[in-house]
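Worksheet: the structure to be examined is printed underneath.
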Amino acid sequence: MEHAHLHFHADLKDFIVPLERHKIIVHDFNRKASIKDVIESYNVPHTEIDLILVNDISVGFDYIVQNGDDIHVHPLYPRSQKFRARPILHLSPPISGKPKFIIDVNLGRLARYMRLLGFDCLYCNHFDDKTIAEISSKTQRIVLTRDRKLLKRKVITYGYFVRAEFPKIQVKEVLIKFNLHPLIKPLTRCTYCNGKLIQTEKRYIEHRLPPLTKKHYDKFLTCSDCDQIYWQGSHSSRVEKLIKEFSGDSQ
C-alpha cells in the first residue's frame, strides 16, 4: 500500500470531517489517481481550490499522485500571496467583469435576495445538476450551491459551496466572498425572473393597476422580460430595511 500526506489550508478545512480537520491526513492508495480525484474523495470540491503544491511544486488537477507525496491544498488567495514554488499555477481563473451567478434549486430565497440587490442570478426550480453545470460552463456563471456533488462536476470552473444555512446569512456570506458590496444596485432586477427593471410611465400600465394603486402611486418599474410591475407599496419599508441590512455589511 502506498501513501501520500494531505494538508488542507484555511477554509478548505470546512469540508473535512471534524476528527481530521486539523491533522495531516495520510491518504493510502493502491492504484493511480489524479490529484483532483484524491482531493475530492475528501469532499473538497475543485471549484474551491486555487493552488496545489506537491513537494513544493505547483501542479494542476491532472497530476497523478505518487507514493510519498506531500500535498498542500490552498483556497483562493490574493495573487500577491508569496509561495516558494515557482512558477505558480493558479487553478481558479479570475472572473472578468461583474460576477454572474446560477443558483441551485434549494437556494431560491438566496436568489431572490441577490436579485433584489441588483445581481444577475439565474434560478429555476426545474434545473437539474446537469443543466446547472452546462449553463455555468457555457456562460461562466458562478454556481452557488450547498451540494458538494454538484461542484465536483468537471465542466464547472466557477463555483462556491455556501456554508450558511439561513438565507439572510447566505447573502452576507456571498457578498463578502466575492467582494460584491461596491456592486450593489438595489431594485434594478426583477426578483421573479431576473430581468432588468425599467422606469415606466403610469399611462402605459394604468389599465393593469389595482384601483387603489392607480389612485395613490405614480412611479413604477416594469420588468423588461416578464412585464412584472413594481411600485412603492406598503411593502416598501420592509424591502428598504432588507437592502439596508445587506448593504450595511460594507461599513
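The values are calculated or read from the model by the stated rules, or taken from the named source; none is laboratory data. Bear in mind the structure is a predicted one, so any value in this text is a computation, not a measurement. With ideal geometry, Cβ positions are generated from the backbone for all residues, glycine too; neighbour counts draw on all protein chains shown. These area figures cover heavy atoms from the full protein model, side chains too; ligands, DNA and RNA do not enter into them. Shrake-Rupley method; radii C 1.70, N 1.55, O 1.52, S 1.80 Å.
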Just want the answer: with Cβ charges of +1 for Lys and Arg and -1 for Asp and Glu, which residue in A111, Y192, H235 is farthest toward the dipole's positive end in the range 99-251? A111
Using a 1.4 Å probe and counting only protein heavy atoms, arrange C226, C190 so the residue with the most accessible area comes first. C226, C190
In degrees from 0 to 90, rounded to the nearest 10, what is the angle of the helix 129-139 Cα long axis to the longest principal axis of the chain? 80 degrees
Relative contact order of the range 132-200: what whole-number percent is it, with Cα pairs under 8 angstrom and at least 6 residues apart? 19 percent
Roughly speaking, what is the stretch gain from S137 to K241, that is 0.36 nm per residue apart minus the C-alpha to C-alpha distance, in nm to one decimal? 33.9 nm
Within the range 98-251: Cβ-based charge dipole about Cα centre, in debye rounded to nearest 20 (Lys, Arg +1; Asp, Glu -1): 200 debye
DSSP loop (so not H, G, I, E, B), at most 16 other Cβ within 10 Å: list which GluC sites (Glu not before Pro) in the range 154-233 pass both filters. E165, E201
Percent relative contact order of the range 143-251, based on C-alpha pairs within less than 8 angstrom and at least six residues apart? 19 percent
Using +1 on the beta carbon of Lys and Arg, -1 on that of Asp and Glu, and nothing else charged, what's the dipole of the range 212-251 about the Cα centre, debye to 20? 280 debye
For the chain, cysteines with no other Cys Cβ under 4.7 Å from their own Cβ are listed as C121, C124
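Hey, any idea what % of the chain's accessible area is carbon plus sulfur with a 1.4 Å probe?
52 percent
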Could you work out Rg/(2.2 N^0.38 Å) for the chain, with Rg from alpha carbons only? 1.25
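Could you sort D120, D14 by accessible area so the largest value comes first, with the probe set to 1.4 Å? Spell out each step's value before the answer.
Details: D120 25, D14 75 Å².
So, going from the largest accessible area down, we get D14, D120.
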Per residue, how many Å² of accessible area does the chain show with a 1.4 Å probe? 57 Å²
Only sites in a loop by DSSP and with at most 14 other Cβ atoms within 10 Å count here; which trypsin sites (Lys or Arg not before Pro) in the range 33-142 make the cut? R79, K82, R84
Explain nothing, just compute: Karplus ³J(HN,Hα) = 6.51 cos²θ - 1.76 cosθ + 1.60, θ = phi - 60°, for every residue of the range 194-203 in order, whole Hz, x for Gly and Pro. 5, x, 7, 8, 10, 5, 9, 5, 4, 4
Rounded FRET efficiency, nearest 0.05, which uses the C-beta distance separating Y192 from D14 and R0 of 35 Å: 0.60
Could you tell me the relative contact order of the chain? Use alpha-carbon pairs under 8 Å, at least six residues apart, and round to a whole percent. 15 percent
